[in-house]
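Student: Mind looking over this structure? Questions follow.
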Amino acid sequence: MSKGRRIGRIPNYEPTPERRARYLLHWEARHLFHTVEEFPLLTPEFLFNSSAPFVLEIGCGTGELLCQRAAAEPERNFFGIDLSRRSLYYAVHHAAEAGLPNIRFLRADVLLALPRLAPASVAEALLLFPDPNLAARHHKRRVFQPALLDALHTALAPAARLLVVSDDEALFMDMLALAEADPRYCKTHAARFLEGFEPPVRTRFQRTWERQGRAIRRFELARESRE
Ligand SMILES: C[S@@+](CC[C@H](N)C(=O)[O-])C[C@H]1O[C@@H](n2cnc3c(N)ncnc32)[C@H](O)[C@@H]1O
């Protein structure tokens, strides 16, 4: 996370082996880097023993919103990917305490794991408050990049949407410009972008940025139907 954007320590809820087996996959970066094709495809069948596409949160952090939605929408499945062990332990703790049967998490660098997203497997994709990687030399670490749009173009089911939300104006404008330059996607709204974000629960990141008076902006993409 970029310096100056840390928002306090997350408690360390190391999961029991049972909880880990139930909720958490871990794919190490060096293995992904060298042998990505040996990892399983992230299909709804593999993750949830279901044929229905799932809701994907990229960089889900502590999974507050994803767990809330999994509880409120028991007929759907939810899958969060994040790099941070401690954040995902928190997410697993939350999911296990609530007894959620329809959520799983993957600890991995999403940029390395992208090739394992299965075609038409994602019903809805969320990218909420991604790290801006402020220094220009770190921009290549940004999650919203052409490789992500390539992978999602295949992974999104036909009517699926990608929602992008950010508190960082420069990052938001860069992401928007990238999306607008990609003819495979169209926005689902007439305005160039939308102000605010009113989810059923606000994550600790959103609460912090709003307390600091930062403007929250969002845009939503669908696959272009005239391709
Ligand atoms: C600012 S936090 C936002 C977390 C969550 N979306 C929320 O709104 O509370 C950004 C998250 O993206 C994760 N992240 C950054 N780069 C990543 C990558 N390459 N792969 C997976 N997760 C990543 C970080 O670990 C962090 O949890």
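The values are calculated or read from the model by the stated rules, or taken from the named source; none is laboratory data. Not measured: the values here are computed from a predicted model. A quick note on method: Cβ atoms are made from the backbone with ideal geometry, for glycine too, and the neighbour counts reach across all protein chains shown.
For every residue, the table says whether it meets (1) in contact with a Lys or Arg (Cβ under 6 Å, 6 or more places away or on another chain); (2) of a type in the set (Phe, Trp, Tyr); (3) touching a residue at least 40 places away in the same chain (Cβ under 8 Å).
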residue: Glu73; (1), (2), (3): no, no, no
residue: Val92; (1), (2), (3): yes, no, yes
residue: Ile103; (1), (2), (3): no, no, yes
residue: Leu106; (1), (2), (3): no, no, yes
residue: Leu112; (1), (2), (3): no, no, yes
residue: Ala120; (1), (2), (3): no, no, yes
residue: Leu128; (1), (2), (3): no, no, yes
residue: Pro146; (1), (2), (3): no, no, no
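Student: Filter the range 179-200 down to residues that are within 16 Å of the ligand (Cβ to nearest atom), touching a helix residue (DSSP H, G or I) at 6+ places or on another chain (Cβ under 8 Å) and at pLDDT 95 or above, then give me how many there are.
Tutor: 2
Student: Please name all residue pairs, on different chains or six or more residues apart, with Cβ atoms under 6 Å, provided the first residue is in the range 194-210 and is over 17 Å from Leu221 (Cα atoms) and the second residue is hydrophobic (A, V, I, L, M, F, W, C) and in a helix (DSSP H, G or I).
Tutor: Matching pairs, first to second residue: Pro199/Leu65; Val201/Leu65; Thr203/Leu65.
Student: Also, I was wondering about something else. How many residues are surrounded by fewer than 23 Cβ atoms within 10 Å (Cβ to Cβ) and within 15 Å of Leu65 (Cα to Cα) if we restrict to the range 105-124?
Tutor: So the answer is 1.
Student: Continuing with this model, one more query. Scanning the range 152-204 for residues that are among the acidic types (Asp, Glu) and closer than 28 Å to Ala70 by Cβ, which turns out surrounded by the fewest Cβ atoms within 10 Å (Cβ to Cβ)?
Tutor: Across the range 152-204, the extreme among qualifying residues is Glu198.
Student: Select the helices (runs of 4 or more DSSP H) contained entirely in the range 1-95, then report the ones holding at least 2 residues which are within 13 Å of the ligand (Cβ to nearest atom).
Tutor: Once the helices (runs of 4 or more DSSP H) in the range 1-95 are filtered for at least 2 residues that are within 13 Å of the ligand (Cβ to nearest atom), what remains is 29-35, 64-72.
Student: Another question, then. Can we say Ala125 is within 15 Å of the ligand (Cβ to nearest atom) and at pLDDT 95 or above?
Tutor: yes
Student: Suppose we keep only residues that are within 12 Å of the ligand (Cβ to nearest atom), hydrophobic (A, V, I, L, M, F, W, C) and more than 15 Å from the chain's Cα centre (by Cα) within the range 201-227. Which one would you say is farthest from Leu176 (Cα to Cα)?
Tutor: That would be Val201.
Student: Something else about it: Got a sec? Which of Phe39, Phe79 is farther than 26 Å from Ala222 by Cα and hydrophobic (A, V, I, L, M, F, W, C)?
Tutor: That would be Phe39, the only listed residue that is farther than 26 Å from Ala222 by Cα and hydrophobic (A, V, I, L, M, F, W, C).
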